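Everything below concerns the one structure shown next.
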Amino acid sequence: MQDEKAGGVPIRTVKSFLSKIPSVITGADIVQWLMKSLNIEDPGEAIHFGSLISAQGYVFPISDHVLTLKDDGTFYRFQAPYFWPSNCWEPENTDYAIYLCKRTMQNKARLELADYEAENLARLQRAFARKWEFIFMQAEAQIKIDRKKDKTERKILDSQERAFWDVHRPVPGCVNTTEMDIRKCRRMKNPNNVKKSVYGISEDSQTHSPVHTVAQTAKKPAKDDLKKQITFLNIQLERHCLKMSKVAESKEPSQQRVRRWGFSFDEVLKDPAGREQFLKFLESEFSSENLRFWLAAEDLKKRPLQEVPDKVQEIWQEFFAPGAPSAINLDSHSYEITSQNVKDPGRYIFEDAQEHIYKLMKSDSYARFLRSNGYQELLQAKRKGKSLTGKRLTGLMQSS
């Protein structure tokens, strides 16, 4: 895909209002290339396939940090081979701390820390208090190297580095695709091609920093190997989601998990126990259809292609059709778009309606959920349980 001479996706520099955007491709270009090169007839299937590639960070959007593929003019960039999941050692928290520390040293609006990154940095600074001076020095040394580079090259490398961390420390609410066995599998097959640390010393070079080695090339896997790897990733992702859901169902949420639900609405949605509690709250307000629709639309995106048409009709009949048993509150614009999309069923046809319902729940129901008796009682119950445990331990220590 990256080899233009062999018919790959054309990489170009685009003129913007006051500057140029170097080395980009569009989502539409990727979708067209996938359909042509892999003989995919359905655009929806090509988008789904491209989203799997993007979820691993091999291509990434330059405007946001949600690793999915859109069939439009959204700009994407190819990831440097050094940062490929199949080549790179799992990053440590110290690597992440160095990266975030570097970002705070650069006076560029595009590199400002997001809220969740600022929270992570504060947490890491407390955890590594004794070695923070070393981390700070590492970040300073890398900044000095970065400043010697060409402005355009630095801009590209900054985006590639950030995309790497979008994979390994994803935005809250996004799937962490690195919690799978693909990296162990790659290390077992290629034990000599392993980097010990993102910002450390690699086995094949003891003088180059990651900024110097970003442009290193890796052996291109054969087409059959690529297909096997994609199949493997799909299976592992499905098993991982199933395993995590079973663990969540078998245990009561800890106090830390319950408190995290108050950080953001996405924390509630990505936690099975949080979704269950939020659904109970919505049921008490007679608006549970909002969350049930949102979950059904998410489930649709993971369905095999042959199941999509039936699932689309099922969702339409339950939430949209005249006289639907669980009709959701949509504005006329979103309803019209969805009505047209249903005529050509695909995995993503409910996205507009889903976004509308998401914003409705976030701005309205979520705030009331945090103030509800159910959530507050759950918080108090966890605190009381912790307090009682502490008293019992104190009593045991005194009696002994």
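With a 1.4 Å probe rolled over the protein heavy atoms of all chains, the accessible area of T68, T177 falls in the order T68, T177, largest first. Sorting H168, H356, H333 by solvent-accessible area of protein heavy atoms yields H333, H356, H168, largest first, with a 1.4 Å probe.
What FRET efficiency would be calculated for the residue pair S19, E112, taking the C-beta separation as r and a Förster radius of 22 Å, to the nearest 0.05? Don't skip to the end; give the middle numbers.
On the way: r = 18 Å, r/R0 = 0.81.
Calculated value: 0.75.
Amide H contacts of S23 (H built 1.01 Å from N, in plane; Pro and chain starts excluded): R12, T13, V14 sit under 5 Å, all sequence-distant by 5 or more or on other chains.
With a 1.4 Å probe rolled over the protein heavy atoms of all chains, the accessible area of K5, K301 falls in the order K5, K301, largest first. Summarising the amide proton neighbourhood of S86: residues at separation of 5 or more, or on other chains, whose placed amide H is nearer than 5 Å comprise an empty set.
Separation of the range 135-161 and the range 1-40, taken as the distance between their Cα centroids, equals 26 angstrom.
With a cut-off of 20 Å on the backbone N, the residues of the range 253-268 near the modelled label site 7 Å out from C174 along Cα-Cβ are 263-268.
Annotation for I11 and S284: the two label points, set 7 Å from Cα along the Cα-Cβ direction, are 5.5 nm apart.
Tell me whether the range 58-104 comes out rounded, prolate or oblate; compute the Cα gyration tensor, take square roots of the eigenvalues as a ≥ b ≥ c, and use a/c under 1.5 as the rounded threshold. Walk me through the numbers on the way to the answer.
Details: a/c = 2.89, a/b = 1.61, b/c = 1.80.
Oblate is the answer for the range 58-104, as a/c is 1.5 or above yet b/c matches or exceeds a/b.
Using a probe of 1.4 Å, the accessible surface attributed to S363 totals some 90 Å² when neighbouring protein chains are kept in position.
Note the full-extension length gain between E298 and Q340 as 0.36 nm times their separation in residues minus their Cα-Cα distance, in nm to one decimal. Present the calculation step by step, with values, prior to reporting the outcome.
On the way: separation 42, 0.36 × 42 = 15.12 nm, distance 1.94 nm.
Contour length minus Cα-Cα distance gives 13.2 nm.
Multiplying the residue separation of S264 and M137 by 0.36 nm and removing their Cα-Cα distance gives an extension gain of 42.4 nm.
In sequence order, the range 301-307 has phi-based couplings of 5, 9, 6, x, 4, 5, 8 Hz under the Karplus curve 6.51 cos²θ - 1.76 cosθ + 1.60, θ = phi - 60°, and Gly or Pro positions carry x. The Stokes-Einstein estimate for the range 1-55, based on a Kirkwood radius over Cα pairs and taken at 25 °C with 0.890 mPa s viscosity, is a diffusion coefficient of 201 µm²/s.
By a 1.4 Å probe calculation restricted to protein chains, F263 has an accessible surface near 120 Å², given to the nearest 10.
Summarising the label geometry, the points placed 7 Å from Cα in the beta-carbon direction at E355 and I145 lie 3.9 nm from one another.
In this structure K131 has an accessible area near 90 Å², from a 1.4 Å probe over the protein heavy atoms.
Give, to the nearest whole percent, the P(r) tail of the range 1-129 beyond 24 angstrom, counting all Cα pairs. I get 41 percent for the Cα pairs in the range 1-129 exceeding 24 Å. A P(r) calculated from all alpha carbon pairs of the range 22-92, with 10 Å bins opening at zero, reads 21, 50, 25, 4, 0 percent. Simple spin-label estimate for R371 and F128 gives 4.1 nm between the two label positions (7 Å along the Cα-to-Cβ direction from each Cα). Net charge of the neighbourhood of S326, taken over other residues with C-beta under 10 Å away and scored Lys/Arg +1, Asp/Glu -1, is -1.
Cross-link check: pairs K70/K102; K5/K155; K15/K151 evaluated at a Cα-Cα cut-off of 19 Å; pairs beyond the cut-off: K70/K102; K5/K155.
The values are calculated or read from the model by the stated rules, or taken from the named source; none is laboratory data. Everything numeric in this text was worked out from a predicted model, so none of it was measured. With ideal geometry, Cβ positions are generated from the backbone for all residues, glycine too; neighbour counts draw on all protein chains shown. All accessible areas refer to the heavy atoms of the entire protein, side chains included, with ligands and DNA or RNA removed. Shrake-Rupley method; radii C 1.70, N 1.55, O 1.52, S 1.80 Å.
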